[in-house]
Structures are given as structure tokens and as C-alpha cells.
Amino acid sequence: MLNLILFGPPGSGKGTQAKYIVEKYGAVHLSTGDIFRANIKEGTELGALAQSYLDKGNLVPDEVTIRMLQSEANKYPDVQGIIFDGFPRTIPQARSLDHFLQEKGETITLMVELQVPDALLKDRLAKRALDSGRPDDADPKVIENRLHVYYDQTAVVAEHYKEQGKHYTIDGMGSVEEVCTRIFSRINLSV
Ligand code: ADP
């Protein structure tokens, strides 16, 4: 089973690459951002709770996020793998994920961190704002805060998986195909 964490700052290409990985390896894509946005759209209780955090570019509290992620993952008991996109974003989330998988006799196979310079991230997010319909892409202040939150609270999660010898850095610049080829090569060394 391939349990892959796609890691990297907002705009680094996680969602884009996840689609290709899912196709090639027959895995399920779990994007916490997508799940929150779907809940907001459907007007669920979870959506109402998450909205103010997403609007400001802050993290939704761990307890809520962890519970949601676990219940989503439990919907797919027989998959060939899971691509975690946007989770874990804090150390408690990482610990809970490790524990959750361990209880199923599973483990994280590898973490792939997409590296892209800040200037290019801001550029990509501004472009994405034109057609994503995401309010958090449209406001430069919110983009600034998401990057700040990433470096302040999330980047440390890479250390957690470095300690486990599972962390790999991939150059996230270049075409979608080029980045995808790099990721596939790295996955193939781990599976
Ligand atoms: P991006 O990576 O472009 O910032 P995402 O779609 O991954 O976009 O996340 C959008 C928003 O959803 C985040 O800014 C945050 O408010 C919320 N979110 C997503 N994943 C998590 C998580 N693991 N923990 C807390 N909040 C999260």
C-alpha cells in the first residue's frame, strides 16, 4: 500500500500532482482543503465552523481536522493507497496520523515535499485566483498569512518525517509533467 504525504506550501502544486499520482498508483486522494470547501458549499455544521479559518488563511483546530480526516479515510477500507494532501499540517496531526495508520497495520510510505520559491508561489496563487473561485486566493493579505502559517506551524512537520527517514524533497519548478516525472521516480524507489 502506498501512503504518501504530499507536502509543501500553498501553491506548490500538491493538488495538481495528486491527481496524476492517484491515476498511476490507484490511490485515493484526501485533500483536507477540498473536504473543508465541500462542507462549506453544502452548508454543513463542519463547514460553518471551518469557514472563518479558511477565509483568514488560518488552520482549522487540530481536533476538528483530525476527526474529519479519520472519518474520511475510514470510508476507503480497501484502497491501494492514500495520497494525503494538506494533512498533516501540525505535529499533533502528524502524530495522530501515524497512530491511526499503525492501528490498521499501516504506515506512511514517504513524504514528498515540493520546493518552490515564495515569489513563484505568490505568482501561481494570484493566477489561480482568477478561476479557482477561492476567496483565500484572491486576497494578497490572506495569501501572505497562509505562507506565514506554513513556515511558522507546518514546515516543522517535515522534521517529524525526516526523523523517520521518510522525507524527500522534490524540485517543484518546471512544467506539471516535469514535476510529475520527478515524483514518480521518487515513489518508485520507495514502493
Ligand atoms: P493551500 O495548500 O493552497 O493553502 P488547502 O486547500 O490545502 O490550500 O487549504 C485551504 C485551507 O484549509 C487552509 O488555509 C486551512 O484554513 C484549511 N486546512 C486545510 N488543511 C488543514 C489542516 N490539515 N489543518 C488545519 N487546517 C487546514
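The values are calculated or read from the model by the stated rules, or taken from the named source; none is laboratory data. Since the structure is predicted, the reported quantities are computational estimates derived from the model, not experimental observations. When we count neighbours, we look across all protein chains shown, and the Cβ atoms used for this are built from the backbone with ideal geometry, even at glycine. Quick note on the areas: whole protein, heavy atoms, side chains included, nothing else; ligands and nucleic acids left out. Shrake-Rupley method; radii C 1.70, N 1.55, O 1.52, S 1.80 Å.
For this structure, a couple of remarks:
- Accessible carbon and sulfur surface of the chain relative to its total accessible area, %, 1.4 Å: 51 percent
- Computed over the stretch 2-181, the quotient of the alpha carbon radius of gyration and 2.2 N^0.38 Å is 0.98.
- The region of the chain that goes longest without hitting one of the trypsin sites (Lys or Arg not before Pro) in a DSSP loop, each with at most 13 other Cβ atoms within 10 Å, is 105-191.
- Working from Cα pairs under 8 Å separated by at least six residues, relative contact order for the stretch 21-64 is 19 percent.
- Accessible area per residue for the stretch 2-181 is 50 Å², calculated with a 1.4 Å probe on protein heavy atoms, without ligands, DNA or RNA.
- Long-range Cα-Cα pairs in the stretch 44-97 (distance over 14 Å), rounded percent: 58 percent
- Rg followed by Dmax, in Å, when the stretch 116-180 is reduced to its Cα trace: 14.1, 39
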